[in-house]
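Remarks on the structure that follows.
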Amino acid sequence: MKRYVSISVVVLFVLLGVVCQFEGAAHVQAQSAAIIEPALQPASAASAPGAPDILVDAKEAAKEAAKENAAALDCAGCHGAGKALPYLGGAQFHSDAHKAYDHGFHARAIQNGRNAATCLDCHSVGGDMTTILPASDPKSTISRTNIAKTCGSCHGSSSVMGGTGISNRPFVSYQESVHARAMLHGNTKAAVCIDCHNSHDIMPASEADSPIFKANVSKTCGQCHSNIAAEYDQSVHGEAVARGVSRSPVCTDCHGIHNIKPHIDPATAKTSQALATGSCSQCHEGVALSQEFGVPSGRVTSYQDSYHGLASKLGSKVVANCASCHGVHNILPSADSRSMVNQANLVNTCGQCHPGAGESFVTGKIHLNVPLAQDGGATAKDIGGVVNAWVRWFYLWLIGVVIGGMLIHNFLVWRKKALAKRRAEIRSIVRMTGRQRLQHVILLTSFTVLVLTGFALKYPDSWLAALLVGSESFRRITHRVAGVIMLAAGLFHVYYITLTTEGRRAVADMFPRKKDITDFIQAMRYYAMGKSSRPKFARFNYGEKAEYWAVVWGTIIMGLTGLMVWFKVEVFAFLPRWIMDVALAIHFYEAILATLAIVVWHFYNVIFDPDVYPLNWALVDGKVSEHQFREEHELAYEEMMEAERVEKTPRSDPPHTDKTVSYDPTPASTGDD
């Protein structure tokens with residue numbers, strides 16, 4: 001019997017050891033302690049009737065207790081009085097840590113039925129109690145070198161943080177920060193998660209007791225940066241925060257929260273070039289602080305308009321920025337005698353970059369278009385500002401009158417000479433018929449309006465928008481009307497080239513041919529290398545053909561994408577949303593391509609080409625001179641002469657006559673079918 005009892009006791013201990021190992025007995029609190037109790041009773045109790053049932057129940061109860069009480073460890077369950085493991089009592093049960101944890105965010109999350117970190121999640125590896133090591137051990141999960149990794153096991157995982165409303169980006173940002181890099185290089189004094197968030201009583205930033213509560217941030221950072229924190233607390237920003245002004249910046253507003261980088265890092269907003277636009281501008285550019293607290297606005301743009309700002313934009317690394325004059329952490333109002341921009345201190349402040357600067361030097365402006373009394377704390381009358389205002393208005397009027405007069409004068413001269421040249425030149429060859437000129441005028445007008453109204457929407461602060469008097473509805477309606485007109489002109493052109501003899505003949509001559517390639521190569525050899533001779537072009541050269549088909553392509557593309565944007569609701573009924581984004585991109589870049597092609601290619605050929613300057617008058621009356629036609633379309637000219645010879649049409653000599661000739665490589669036609 002004794003032997004049976006002994007075997008039963010041994011088996012019972014083995015089974016309990018298995019339960020503790022696989023069911024996480026380390027998490028079991030009071031209930032698990034009660035379950036363990038039978039194992040410590042006399043052997044006779046274990047051998048009582050129903051003992052096997054007690055073992056089964058113990059297993060199941062241990063499982064349930066482990067699930068229900070995984071929030072924290074109950075050390076007394078194993079180390080309490082009368083337990084098998086060594087006794088630990090009083091403060092050795094980490095009572096302070098447990099109390100702090102219960103006050104923290106994680107414990108409250110568990111109480112509300114959500115998953116959150118427990119003791120073993122931070123103090124062990126995968127819940128293995130044998131990996132619990134003191135913080136002084138480099139292998140410990142709570143060693144300073146491993147804290148970020150430990151916290152990151154949850155806060156760096158998108159799968160763990162998903163659905164909690166908390167992003168995993170802060171952890172990623174910390175890894176790129178100056179603190180993480182310092183720790184990586186062996187500086188164990190660099191800030192880690194627990195230095196800012198605490199170890200156990202981790203609280204959200206919204207709670208006043210939290211070390212990351214806005215009013216407590218300087219104190220938290222001051223644990224390492226005590227001198228800087230002391231300077232900040234005495235500054236205009238620190239005093240405002242102490243008064244409860246929530247909009248006043250603290251350390252994290254300027255330096256970032258987790259992604260803090262050194263000021264020399266080009267990726268940070270604290271570099272000398274980006275300080276004004278990336279940091280100070282958050283508060284000192286808009287009107288929110290002006291309306292609420294009377295803080296002057298427009299400080300960034302007024303700085304950028306000054307020499308300092310312009311030089312900074314050009315990449316100067318030595319030019320003064322906001323911190324150069326106002327200080328970094330010790331920023332004080334100009335009325336404070338300690339302020340770097342106090343009137344009594346301006347000589348020293350400016351003298352940092354301008355040795356020898358005197359009283360007269362410091363009366364100048366730093367922030368342009370800002371009253372002198374607001375710019376440097378001066379109370380004297382801003383005589384320079386008044387004079388500058390008069391000079392500005394004087395020169396604006398002078399520039400308008402002088403340059404406007406020049407434009408009018410030169411236009412009158414140009415008009416007189418252009419008309420005289422037109423009258424002196426005998427233009428006897430018809431290049432564009434009436435219907436062709438009408439289509440050209442409609443295309444020219446609608447295209448110009450589309451360009452102006454289209455880019456005005458893309459660039460609302462440009463002069464294009466100013467031309468439309470800032471009315472978006474007028475711009476939108478005008479753009480759509482011009483688009484409809486262009487599409488109507490396109491439909492008319494389809495009719496013209498399919499149902500009229502004139503149109504069919506014109507589009508047939510526009511089709512690309514192998515000769516166009518050889519003409520292009522020969523022209524490049526002639527113009528670029530001075531070799532060979534200039535090619536003889538037919539009715540339309542390779543450039544004119546390319547331009548024509550580009551217009552056809554552009555009209556189709558711009559028309560389709562424009563209609564999709566116009567009738568977006570109807571389009572969404574059968575197409576996905578991303579199609580609209582692609583259509584907008586095509587519409588925009590096709591507009592840029594078409595506009596530049598017109599300016600660079602077409603304007604040269606019809607205006608700036610020395611052979612036609614100041615204007616190719618064919619767009620007005622459709623005619624060109626016989627000399628110009630022979631120079632630009634020699635092959636077509638020879639064909640026209642041959643046709644006249646075959647028809648035995650008499651031609652006077654010299655060739656320049658008053659006779660008007662309409663070039664047509666095929667028999668004459670009225671153009672109507």
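Descriptive notes on the structure:
- HN-Hα J in Hz across region 108-119 - Karplus 6.51, -1.76, 1.60, θ = phi - 60°, x for Gly and Pro: 5, 5, 5, 4, 8, x, 10, 6, 7, 5, 10, 3
- Distance histogram in 10 Å bins (all Cα pairs of region 460-584, percent per bin): 10, 24, 25, 21, 16, 3
- Out of every Cα-Cα pair that region 181-315 contains, those further apart than 27 angstrom amount to 30 percent.
- P(r) for region 130-232, from all Cα pairs and a bin width of 10 Å, is 14, 39, 38, 9, 0 %, short bins first.
- Note on residue 492 and residue 635: with the Förster distance fixed at 41 Å, the Cβ-Cβ geometry gives a FRET efficiency of about 0.85.
- Surface composition of region 135-264: carbon and sulfur make up 57 percent of the accessible area, probe 1.4 Å.
- Extending 7 Å from Cα along the Cβ direction at residue 620 and again at residue 383 yields two label points whose distance is 5.8 nm.
- The residues of region 453-535 expose on average 64 square angstrom of accessible surface per residue, using a 1.4 Å probe on protein heavy atoms.
- Per residue, in Å², the accessible surface of region 139-187 once ligands and nucleic acids are set aside, probe 1.4 Å: 58 Å²
- Residue-span extension gain [residue 206 to residue 527] - 0.36 nm each, minus C-alpha spacing: 108.2 nm
- Cα-projected label distance for residue 466 with residue 417, points at 7 Å along beta-carbon direction, nm: 3.0 nm
- Take the Cβ atoms of residue 548 and residue 575, set R0 to 35 Å, and the FRET efficiency comes out at 0.65.
- Here the accessible area is traced with a 1.4 Å probe on the protein chains. For region 545-603, carbon and sulfur cover 84 percent of it.
- Across region 530-628, the relative contact order, built from alpha-carbon pairs under 8 Å that are at least six residues apart, equals 17 percent.
- Zone residues, region 528-545, relative to residue 513, backbone N less than 17 Å from point 7 Å out along Cα-to-Cβ: 535-545
- Our estimate of slack between residue 128 and residue 440, defined as 0.36 nm per intervening residue step minus the Cα-Cα distance, is 104.0 nm.
- At an R0 of 45 angstrom, the distance between the Cβ atoms of residue 188 and residue 234 translates into a FRET efficiency of 0.90.
- Extension gain, residue 390 to residue 311: 0.36 nm times the residue separation minus the Cα-Cα distance gives 25.8 nm.
- Residues in region 179-214 that a label on residue 264 would reach, taking backbone N under 19 Å of a point 7 Å out along Cα→Cβ: 179-187
The values are calculated or read from the model by the stated rules, or taken from the named source; none is laboratory data. No experiment lies behind these values; they were computed from the predicted model shown. Ideal geometry is used to build each Cβ from the backbone, glycine not excepted, and the neighbour counts take in all protein chains shown. What goes into the accessible areas is simple: the full protein's heavy atoms, side chains included, and nothing from ligands, DNA or RNA. Shrake-Rupley method; radii C 1.70, N 1.55, O 1.52, S 1.80 Å.
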